[in-house]
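> Okay, here's the structure, questions in a sec.
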C-alpha cells in the first residue's frame, strides 16, 4: 500500500513539473501561408489584366473622313458604318507616298487607313498610324478610240462616262476568252468595240487621265448596243509634187 502511494506521488510530481505550451505554427507552416497569400494576389492581378486584354485588340480600318478634329476623326468605313478614331500626341500621320503629315492634313472626304488599339467596350480605336490612301479606279466599258502613238484609249463606261486610259510600262494587259485563267495580251491587239475592265490610278499631273495598273480585254463578251464608236477613216497623203524642186537638165 505504501509502495503504491509512492508511485502515484512520483507521477503527479512529474506531471506538475512538465511545462504546457500553446500550439503555435511552425516556421515552415508560416512560410507556406505567406506564399499562398502572394499566389492569390498574383492570381487576382493576372485575372484583372486578362479581363482588360480581352477588351482590346489591334485593328485596322479603311474609310472616308466624315469629320476631323485635333482629338478625333469620324470615318465611314467600307461597310458604310461610322467608326471613331481617338487621337493623341503619339498618333502618326502620313501620305500614300510616305510623306509625314499632321492632324491638320486630315480633311473631310479623304480616304484613309488607320491602325490602332480597338476597345470592344467603347467600340472606338485609339489610332497609332493614320495614312491617306489613293484608292484605285475601277470600271467596265468599251473601247471607243485608240491613240497608238500615245498608247492611250478612250473607254465608254456602262454609265455613259468617257474615260481616257493610258497604258505605260508598268501596266499589265491581259485577255480573257473563257476558262479559268487570263492570257498575256498587248496594247497593239486592242480593237475598237472591245469590252474591257480597267483598274488604275489618276495621273499625278492630269486628273482626267487614268494610268492603267491592269486592263483585261474580254474577247468573247457581247457588245453594248448603247455604246457607239466611230471607226477612223484612213487619211491618204497627197503625192509629192515637183513644185519648188530644183530643175535637172538632161545630160547631153
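The values are calculated or read from the model by the stated rules, or taken from the named source; none is laboratory data. None of these values were measured; they are calculated from a predicted model. Quick reminder, even Gly has a Cβ in these numbers, built from the backbone with ideal geometry, and neighbours come from all protein chains shown.
> If residue 227 satisfies every condition in (1) at pLDDT 80 or above; (2) over 13 Å from residue 153 (Cα atoms); (3) in contact with a strand residue (DSSP E or B) (Cβ under 6 Å, 6 or more places away or on another chain) but one, which is the exception?
That leaves (1) as the condition not met.
> Within segment 24-76, work out how many residues are assigned to a loop (DSSP other than H, G, I, E, B) and modelled with pLDDT of 70 or more.
4
> Next up: Please state which of the following conditions residue 208 fails to meet, knowing it meets all the rest: (1) at pLDDT 85 or above; (2) over 25 Å from the mean Cα position of the chain (by Cα); (3) surrounded by 10 or more Cβ atoms within 10 Å (Cβ to Cβ).
(3)
> Another question about this same structure. Can you tell me how many residues in segment 80-114 are within 25 Å of residue 202 (Cβ to Cβ) and within 17 Å of the chain's Cα centre (by Cα)?
Going through segment 80-114 one residue at a time, the tally reaches 12.
> List the pairs whose first member sits in segment 204-228 and is at positive phi, whose second member is at pLDDT below 95 and surrounded by 15 or more Cβ atoms within 10 Å (Cβ to Cβ), and whose Cβ atoms are under 6 Å apart, counting only residues at least 6 apart or on separate chains?
If the second residue must be at pLDDT below 95 and surrounded by 15 or more Cβ atoms within 10 Å (Cβ to Cβ), no pairs are left.
> Being free of Cβ contacts under 8 Å to residues at least 12 places away in the same chain and in a strand (DSSP E or B) is the filter; apply it to segment 180-196 and report the residue that is surrounded by the fewest Cβ atoms within 10 Å (Cβ to Cβ).
So the residue we want is 184.
> Going by the structure shown, is residue 110 in contact with a strand residue (DSSP E or B) (Cβ under 6 Å, 6 or more places away or on another chain), over 25 Å from residue 56 (Cα atoms) and in contact (Cβ under 8 Å) with a residue 40 or more places away in the chain?
yes
> Can you confirm whether segment 93-106 contains a residue that is part of a strand (DSSP E or B), surrounded by 14 or more Cβ atoms within 10 Å (Cβ to Cβ) and either at pLDDT 95 or above or in contact with a helix residue (DSSP H, G or I) (Cβ under 9 Å, 6 or more places away or on another chain) (or both)?
yes
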